[in-house]
Amino acid sequence: MSQLNKKDIIQLLERIAVYLEIKGENAFRISAYRKAAQSLERDERSIEEIEDPAKLAGIGKGTAGIINDFLETGTTELLQELESEIPEGLLPLLKLPGLGGKKIGKLYQELGVENAETLKAACEAGEVSNLAGFGKKTEEKILAAVNEMGKRPERLPLPEVTRTVEELTAFLQDIKEIDRFELAGSFRRGRETVKDLDFIISTSHPVSVGEKLVTHPNVTAVIGHGETKVSVELTDKETIVPVDFRMVEDESFATMLHHFTGSKDHNVLLRQIAKSRGESISEYGVKNEESGEVTHFDTEADFFHHFDLPWIAPEVREGKEEIDDAAHVKELVSMEDMKGDLHMHTTWSDGAQSIDEMIEACRMKGHAFMAITDHSKFLQVANGLTEERLKRQHEEIRTKRETVDDLHVFTGIEMDILPDGSLDYGDEVLKEIDFVIASIHSSFSQDEETIMKRLEAACRNPHVAMIAHPTGRLIGRRDGYQVNLERLIDLAVQTGTILEINANPNRLDLSAEWAEKAQEKGALISINTDAHRYDMLDHLSYGVRNARRGWIRKETVVNTWSVKQLTDHLWKNRL
DNA sequence: GCCGTTTTCGGCCCGACTGTTTTCAGTCG
């Protein structure tokens with residue numbers, strides 16, 4: 001059974017937790033299995049490398065025994081027992097809003113509900129509303145939820161919510177009773193996808209603000225409407241975006257913001273620290289357990305300082321290393337460090353803006369440098385540049401850059417790596433170009449070996465400075481091609497090739513996890529927008545947040561370097 | 001189920017809202 005890996009074990013533990021939840025087990029026993037799963041997830045090692053799981057925090061004798069049984073026999077007594085007691089069809093019902101383990105357990109025991117279908121039938125027959133603790137409204141909600149089941153994605157890619165974020169931001173700014181507000185939640189932490197949007201609102205008039213919130217024209221459902229919390233759904237085109245608003249007095253704004261920025265695991269860590277000091281944290285402040293006195297904070301930084309911690313960036317609040325490594329948070333790359341954008345398109349290929357327009361836009365952004373990197377000839381659908389057009393474009397860029405003195409414009413190209421592993425231009429063309437990007441836009445279905453041959457050819461070419469969007473993924477839409485990232489990172493380190501974090505919120509490629517690994521191995525990273533229009537130049541911040549999630553330090557990111565440092569690097573080792 | 005300089009029992013983060021009750025359990029974040 002050696003083919004079982006760590007992911008299988010994590011799934012096993014989570015499955016056990018779900019079964020126990022439906023069984024109505026002790027909540028702490030349930031969360032113990034979840035904690036054990038998390039502990040495994042966080043550990044860098046493979047299961048073979050962990051000789052004794054019981055040594056991990058949150059895994060004791062019991063769970064370690066289960067893990068070892070599972071590794072040896074492919075199953076465990078506990079799981080078999082649970083499977084025989086509880087129908088598997090109940091498990092997905094836990095995802096339905098309003099249904100938890102207790103209610104599902106009751107539906108099973110009292111009504112014999114075993115899956116979505118029988119649940120639906122029970123609702124339609126009116127049996128559910130007859131149960132003690134259930135009523136007409138609960139039955140209606142469950143029925144609606146069953147009918148909606150599977151129709152909606154669990155998490156939304158960032159581009160699906162950005163318009164709603166902008167609209168709500170403008171909407172909140174116009175409400176007079178609001179003193180300040182901020183978007184918290186996983187959006188603030190820079191996650192690739194979000195489940196909902198959490199707005200924290202400082203106001204002394206929560207009720208009247210709440211009444212105004214539900215009048216937003218895009219609100220298509222009000223899920224909850226209390227005195228300090230309003231939950232709604234906004235519809236933007238086809239996408240339903242769940243949004244929570246929390247209203248709070250200004251003195252509690254900082255702690256409320258911290259609480260709803262999360263993550264949940266991060267909050268648990270901090271609350272444990274507070275507890276050990278005789279204090280307790282809630283979203284309203286920090287309470288001294290002895291005196292009962294509650295301390296409030298002006299800012300999140302003050303709140304962290306109270307616990308002798310520096311301000312911890314939201315992007316790393318995942319309940320992992322951020323407390324122990326808090327001192328390193330200030331070394332993470334930030335938007336202020338970013339001096340330029342090295343991947344963008346113009347009307348010469350498939351961009352919407354001219355060279356002049358892009359230069360002017362980058363000047364307005366205060367960039368110190370930029371690279372114009374249109375597509376190469378292979379990409380005919382994108383009007384890729386022939387050698388002849390490339391030459392003319394670069395002449396134009398060289399002429400124009402003489403007229404701009406506060407911004408350096410690198411000549412560049414986003415060159416295709418062809419399906420056969422060759423590059424779209426010869427060295428005699430590439431050797432003239434300041435910033436050569438190589439990337440894959442074709443034959444995504446090739447096997448790993450072929451894909452890696454293509455990427456290796458690009459890395460080993462002395463003129464190629466960077467591999468763009470290294471995996472080709474589109475978040476929530478496609479996985480990308482078969483790339484062996486470990487190997488690509490090694491190649492990048494060996495050859496001095498930069499790896500991109502493509503900042504387009506549809507891509508975020510490399511992901512934070514892989515960027516972190518790349519940095520650990522010594523690779524250089526560049527964060528770029530790949531802008532095809534003016535507004536896409538603003539995407540840089542998505543890339544930076546993604547990098548920060550991967551603990552990427554300023555010096556790893558070439559966009560933070562000076563023009564001279566970057567130029568030296570680009571021309572090093574080229575003939 | 002896990003944990004321990006409050007250590008082998010008794011905790012385990014804390015609060016809002018809903019729907020069901022008639023004082024609170026369940027769910028959610």
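The values are calculated or read from the model by the stated rules, or taken from the named source; none is laboratory data. Since the model is a prediction, treat every value here as computed from it, not as a measurement. When we count neighbours, we look across all protein chains shown, and the Cβ atoms used for this are built from the backbone with ideal geometry, even at glycine. For accessibility, only protein heavy atoms count, side chains too; no ligands or nucleic acids. Shrake-Rupley method; radii C 1.70, N 1.55, O 1.52, S 1.80 Å.
This table checks each residue for (1) at positive phi; (2) of a type in the set (S, T, N, Q); (3) surrounded by 22 or more Cβ atoms within 10 Å (Cβ to Cβ).
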residue: A:Thr203; (1), (2), (3): no, yes, yes
residue: A:Val207; (1), (2), (3): no, no, no
residue: A:Val214; (1), (2), (3): no, no, no
residue: A:Pro217; (1), (2), (3): no, no, no
residue: A:Ser231; (1), (2), (3): no, yes, no
residue: A:Lys237; (1), (2), (3): yes, no, no
residue: A:Asp244; (1), (2), (3): no, no, no
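Scanning region A:176-201 for residues that are under 11 Å from A:Arg246 (Cα atoms) and surrounded by fewer than 21 Cβ atoms within 10 Å (Cβ to Cβ) yields a total of 2. Of all residues in region A:525-534, at least one satisfies being open to solvent by 20 Å² or more (accessible area, probe 1.4 Å) and in contact with a Gly (Cβ under 9 Å, 6 or more places away or on another chain). With respect to the conditions (1) open to solvent by less than 20 Å² (accessible area, probe 1.4 Å); (2) within 15 Å of DNA strand B (Cβ to nearest atom); (3) under 22 Å from the mean Cα position of the chain (by Cα); (4) not small (Gly, Ala, Ser), A:Phe307 lacks only one, and its number is (3).
In region A:549-561, is there at least one residue being among the small types (Gly, Ala, Ser), surrounded by 14 or more Cβ atoms within 10 Å (Cβ to Cβ) and touching a strand residue (DSSP E or B) at 6+ places or on another chain (Cβ under 6 Å)? Walk me through how you get there before you give the answer.
Step one: of region A:549-561, the residues among the small types (Gly, Ala, Ser) are A:550.
Adding the requirement that they be surrounded by 14 or more Cβ atoms within 10 Å (Cβ to Cβ) leaves A:550.
With touching a strand residue (DSSP E or B) at 6+ places or on another chain (Cβ under 6 Å) added as a condition, the list becomes none.
No, region A:549-561 contains no residue that is among the small types (Gly, Ala, Ser), surrounded by 14 or more Cβ atoms within 10 Å (Cβ to Cβ) and touching a strand residue (DSSP E or B) at 6+ places or on another chain (Cβ under 6 Å).
Report, by residue number, each residue of region A:385-409 that is in contact with a Lys or Arg (Cβ under 9 Å, 6 or more places away or on another chain), at pLDDT below 95 and either among the aromatic types (Phe, Trp, Tyr) or open to solvent by less than 60 Å² (accessible area, probe 1.4 Å) (or both).
A:Val404
For region A:263-288, the set of residues classified as under 20 Å from A:Arg191 (Cα atoms) and within 7 Å of DNA strand B (Cβ to nearest atom) consists of A:Lys264, A:Asn267, A:Val268, listed by residue number. Kindly indicate whether any position in region A:412-426 is of a type in the set (A, V, I, L, M) and open to solvent by 10 Å² or more (accessible area, probe 1.4 Å). Yes, region A:412-426 contains at least one residue that is of a type in the set (A, V, I, L, M) and open to solvent by 10 Å² or more (accessible area, probe 1.4 Å).
Here A:Arg454 does not fit the description of being farther than 26 Å from A:Trp561 by Cβ and open to solvent by 10 Å² or more (accessible area, probe 1.4 Å). For A:Asp244, the conditions (1) outside any helix (DSSP H, G or I); (2) more than 8 Å from DNA strand B (Cβ to nearest atom); (3) among the charged types (D, E, K, R); (4) in contact (Cβ under 8 Å) with a residue 24 or more places away in the chain are fulfilled apart from (2). Only one entry of A:Gly522, A:Gly476, A:Gly543 meets the criterion of being open to solvent by less than 20 Å² (accessible area, probe 1.4 Å), in the same structural domain as A:Phe435 (by TED's automatic domain parsing) and in contact (Cβ under 8 Å) with a residue 12 or more places away in the chain, and that entry is A:Gly543. So which residues in region A:289-303 are aliphatic (A, V, I, L, M) and within 11 Å of DNA strand B (Cβ to nearest atom)? Within region A:289-303, just A:Val294 meets the criteria.
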